[in-house]
Amino acid sequence: MTANVPEPLLALSGVNTFYGQAQVHFDLSITVARGHIVCLLGGNASGKSTTMKIILGLVKPRSGEVTFDGASLIGLSTPQIVRRGIASVPEARRLFADMSVRENILMGAFVRNDRDAVAQDLDRMLTLFPKLGQRLSQRAGSLSGGEQQMVAMARALMSRPRMIVMDEPTMGLSPLYVDRVLELIRTINQEGVSVFMVEQNASLALEIAHEAYVLQTGKIVLSGPARALKDDPRVRDAYLGGSEAA
Amino acid sequence: MSSWLDYTINGLIVGNVYALVAVGLALIFGVSRLINFAQGSIYLVGAYIGWVAVVQLHTPLPLTIIVVAAAAAVVGLIIERFGLRPLQNSVRIAPLLATIGISFVLDQLVMLTFSPNPRALPSQLPDVRFQVGGGTIGPLDLLIAGVGLTSALLLFVFLRYSKLGWAVRAASQDRDAAMQMGVDVNRVNQAVFGIAAALGGVSGMLVGMYYNQIDTAMSLQATLKGVVAEVVGGAGNVPGAVIGSLLLGLVESYGVAVFGTSYRNLFAFLLLVVVLVLRPNGLFASARQAPPEPLTGTFIAPSRPVRIPRWALLAAAAIFAVLPFFPVSFYVLQTLINAWLLGMLALSLTLVAGTMGQVSLGHAALLAIGAYTSALLSLTLSVPVGLAVIGGGLMSAALGTLLISPSFRLRGHYVSIATLAIGEIVSLVILNWESVTRGPIGISGIPPLSLFGYDLISPSSIYWFSFAVMVVLALLQGRLLGSHLGRSFRAIRDDDIAARAYGLSLNRYKSLAFIFGGFAAGVSGGIAAHLYSYINHETFNTQQSILALTVVILGGLGNVVGAIVGAVALVGLPEVFRIAAEYRILIYGIVLLLLVRFRPQGLLGTI
Ligand SMILES: Nc1ncnc2c1ncn2[C@@H]1O[C@H](COP(=O)(O)OP(=O)(O)OP(=O)(O)O)[C@@H](O)[C@H]1O
Ligand SMILES: [Mg+2]
């Protein structure tokens, strides 16, 4: 059956992660197909952010394999992984608060050396995120949460990534901004960038995702096409959190 | 009689020199959240490289500056690569301790290479002075101002327009996020250590030329001044460091104008303590800003302490107790007496730094308070020596706790800075309070130890006395650690936020730890005063504070038996191996470095 499945862009297989004595991931396996939006759902402290950190090399798994485009990421440093083509929108956005919006966006292109193309991409970001135009020289820390989310997404796109990983991109945003963010994720994806996103808000995420996984205290309890999961009653239980669902 | 304008010019020039040191500290703190205690050593190295260049190679001034900057930068890169990078995933206290060890090693290497005697460092500039308003200014002043401004400009351009400069700024605002942009944090660290070292080295050379004198004592002074300026400006804040430095220069200069030269440092440290207490994030940080010290992660290396069976401890104590009955040499007893005195200090520090997590770098001040109190009580008030020593312990407990109490709300590296500063303040007050302490002359003719009217003159009686006192203190401390109080101390060390949420009053517990620790250290100082019969403001210095810290880490932070084992090892082994005195400090520095790198939990394990 596996013979004619195309090789996924990103694959985690059999990942076990520990913080000290505490195990956070149990035999975790996730794949992201090329060109797809894949969503990881789960309640608080289920290990979602840690999954992102594993992909980015910020946390090392004790065992298991992570491959990107067929090559292992284990043992690579975060900057090396970024240079392979993975950009990130971290939890709580993590902008460089004392740098200007322009500098923040340009920091996204840190791994690139083609200055002219970078300048063009900056212009492209301003058409994609028109509101940022007037804010370019403002301190990033002084923006509203929604605006900061736009900057974080623009910053991630500036590296011309093959894949973007996002940690709760809609967290703390007003409904208006939530819609915008989801729409932008879809646009980005249509331009050929694969997306792996972590979300607590299942109904929103399943709107735009192709596939989804449900994580419960470090174990994948459910996975499949988003359309199928949307109607699955177990999803609602699961993303509401571990203990109540049982 | 100099004019106010002269004092202002002098303050700004000295401030410029401090700025070169402080900016480097700020860059490093920004990226690594580390206070680099080796910065002064690089400054020292810079001064001596400048001396070699000027006096032996006869290089012209511009070339001298370049040579010094380049050589110092190489030293900085080596420190970063081999001293600190291996500690990246270590406990938080590790890099701080490593920079202390590195600074000891560098200072001693300079001393061994060039001898401790001061040397002249001519500036090769014409000795003329120009009239400016009511004051005068010389070519060297202009050079220093020029170097300061040029460095600031270059740094600004680097941070604002170069790719690496952007990486430095990004990493100092959010290290993880910078890595996710592809920034290689190791390269950023390299860059800031290189820059900091180049600036620090040039600063040392300029100071040497300014006073036309260099010596190895410059190192600690420079670190202290740089740290003061940096903290005043706000740790990690580069422009703040420049302003903090100029402010420090002015405060010192005006202080000297009003009170005299021996007060210079007192003003610097008072400024530091005031800023730390009132605005721990510096004068320019917005009040809302979170403290830059990371709040999570283990501070000291966790470990399972080595359990030593009770009978073994009793046997060891018995052997040491009967030792004087055997034909051991006077020299062996003398060495062990020193070990017991250091052991008492180590007991004190292992409680404060290990059990309570307040890594004090000024513990020698507690010795000094105990020593002066006991000496003065017995000399001027004719209090019996035995009581006077206890009085010294009580005074150390009370005064030490009182002095340290303003910094109870500080954490981590800031505690170390505050205790270092308080230690310096104590020594400066002793120097300047002549009516009581006899100032630089010191106190001589201190009566020998005595107990119930019997003088303890023979080496074995002194040995027994100090051993017995140490054992009693150790037993008390052992009881303390096992009690509810000891558990509360450790709870606060491991997570002060949770401890407070649990209803523990941090101030009360920190006070209790310092009262107990202050008593032990004060008694040690008191006994020492009566042994030495002469003490002055330099008898108990920072080197001893650091030695005590090394002992405590060697034994295992918080570990009572470890503190004594560490003291015996560090005092005894150099004697066993007949290591010459001038190499000892070097060895202590290397021991500290090796411990931090390979066995941060010490020989017997942390508790
Ligand atoms: N650096 C760390 N050290 C120790 N434990 C950690 C660390 N980071 C996370 N954890 C623990 O690991 C578990 C998973 O954390 P993680 O951040 O991955 O959860 P999450 O699913 O992203 O939660 P949230 O929805 O709150 O963002 C939690 O119990 C958390 O307390
Ligand atoms: Mg999370």
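The values are calculated or read from the model by the stated rules, or taken from the named source; none is laboratory data. As the structure is a computational prediction, the values presented were derived from the model and not from experiment. Here Cβ is always computed from backbone atoms with ideal geometry, including for glycine, and neighbour counts include all displayed protein chains. For accessibility, only protein heavy atoms count, side chains too; no ligands or nucleic acids. Shrake-Rupley method; radii C 1.70, N 1.55, O 1.52, S 1.80 Å.
Listing for the model above:
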read-out	value
Count - residues of the stretch A:158-171 that are within 14 Å of chain B (Cβ to nearest Cβ) and within 16 Å of ligand 1 (Cβ to nearest atom)	3
Matching option when the condition is of a type in the set (S, T, N, Q), assigned to a helix (DSSP H, G or I) and open to solvent by 60 Å² or more (accessible area, probe 1.4 Å), among B:435, B:466	B:435
Counted residues, the stretch B:158-172 - those being open to solvent by 10 Å² or more (accessible area, probe 1.4 Å) and facing chain A (nearest Cβ under 7 Å)	2
Check on residue B:582, in contact with a helix residue (DSSP H, G or I) (Cβ under 7 Å, 6 or more places away or on another chain), in contact (Cβ under 8 Å) with a residue 40 or more places away in the chain, surrounded by fewer than 17 Cβ atoms within 10 Å (Cβ to Cβ) and under 27 Å from residue B:457 (Cβ atoms)	no
Filtered residues of the stretch A:76-99 (kept if aliphatic (A, V, I, L, M) and assigned to a strand (DSSP E or B))	A:86, A:87, A:89
Scope the stretch B:129-157; condition crowded, with 16+ Cβ neighbours inside 10 Å and either touching a Gly at 6+ places or on another chain (Cβ under 8 Å) or outside any helix (DSSP H, G or I) (or both); matching residues	B:135, B:136, B:137, B:138
Residues of the stretch A:172-203 that turn out to be out of contact with any strand residue (DSSP E or B) (no Cβ under 9 Å at 6 or more places or on another chain) and within 16 Å of ligand 1 (Cβ to nearest atom), as a count	2
In the stretch A:45-61, the residues that are within 9 Å of ligand 2 (Cβ to nearest atom) and in a loop (DSSP other than H, G, I, E, B)	A:45, A:46, A:47
Boolean, residue A:102 is away from ligand 2 (no atom under 16 Å from the Cβ), in contact with a helix residue (DSSP H, G or I) (Cβ under 8 Å, 6 or more places away or on another chain) and in a helix (DSSP H, G or I)	yes
Looking only at the stretch A:26-66, and only at residues there that are farther than 23 Å from residue A:226 by Cα, more than 15 Å from ligand 1 (Cβ to nearest atom) and among the small types (Gly, Ala, Ser), the one that is surrounded by the most Cβ atoms within 10 Å (Cβ to Cβ)	A:64
Condition check for residue B:342: outside any helix (DSSP H, G or I), touching a residue at least 12 places away in the same chain (Cβ under 8 Å) and under 24 Å from residue B:574 (Cα atoms)	no
Any chance residue B:39 is open to solvent by 30 Å² or more (accessible area, probe 1.4 Å) and modelled with pLDDT of 90 or more	no
Extreme residue, nearest to the other protein chains (Cβ to nearest Cβ), among residues of the stretch A:218-228 that are open to solvent by 10 Å² or more (accessible area, probe 1.4 Å) and more than 16 Å from ligand 1 (Cβ to nearest atom)	A:223
From the options B:541, B:536, residue that is surrounded by fewer than 21 Cβ atoms within 10 Å (Cβ to Cβ), in contact with a strand residue (DSSP E or B) (Cβ under 8 Å, 6 or more places away or on another chain) and not β-branched (Val, Ile, Thr)	B:536
Residue B:74 assigned by TED's automatic domain parsing to the domain that holds residue B:257, of a type in the set (Val, Ile, Thr) and closer than 21 Å to residue B:118 by Cβ	no
Subset tally (residues that are more than 18 Å from residue B:43 (Cβ to Cβ), in a helix (DSSP H, G or I) and more than 18 Å from the chain's Cα centre (by Cα)) for the stretch B:247-266	13
Residue that is closer than 22 Å to residue B:83 by Cβ and surrounded by fewer than 24 Cβ atoms within 10 Å (Cβ to Cβ), where the choices are B:531, B:593, B:573, B:506	B:593
Criterion violated by residue A:88 - all others in (1) more than 17 Å from residue B:175 (Cα to Cα); (2) among the small types (Gly, Ala, Ser); (3) at the interface with chain B (Cβ under 8 Å from one of its Cβ atoms) satisfied	(1)
Given (1) open to solvent by less than 10 Å² (accessible area, probe 1.4 Å); (2) within 16 Å of ligand 1 (Cβ to nearest atom); (3) of a type outside the set (Gly, Ala, Ser), index of the condition residue A:10 fails	(2)
Candidate set: the stretch B:174-226, residues that are assigned to a helix (DSSP H, G or I), among the polar types (S, T, N, Q) and open to solvent by less than 30 Å² (accessible area, probe 1.4 Å); chosen: the one nearest to the other protein chains (Cβ to nearest Cβ)	B:180
Hey, residue A:206 out of contact with any Ser or Thr (no Cβ under 6 Å at 6 or more places or on another chain), away from ligand 1 (no atom under 16 Å from the Cβ) and either assigned by the TED database to the domain that holds residue A:68 or of a type in the set (D, E, K, R) (or both) or not	yes
The stretch A:67-81: number of residues that are within 8 Å of another protein chain (Cβ to nearest Cβ) and open to solvent by less than 10 Å² (accessible area, probe 1.4 Å)	1
Candidates A:155, A:139 - the one that is within 13 Å of chain B (Cβ to nearest Cβ) and farther than 19 Å from residue B:180 by Cβ	A:139
Among the residues listed as B:368, B:375, B:315, B:398, the single one being farther than 21 Å from residue B:97 by Cα, part of a helix (DSSP H, G or I), under 20 Å from the mean Cα position of the chain (by Cα) and at pLDDT 90 or above	B:368
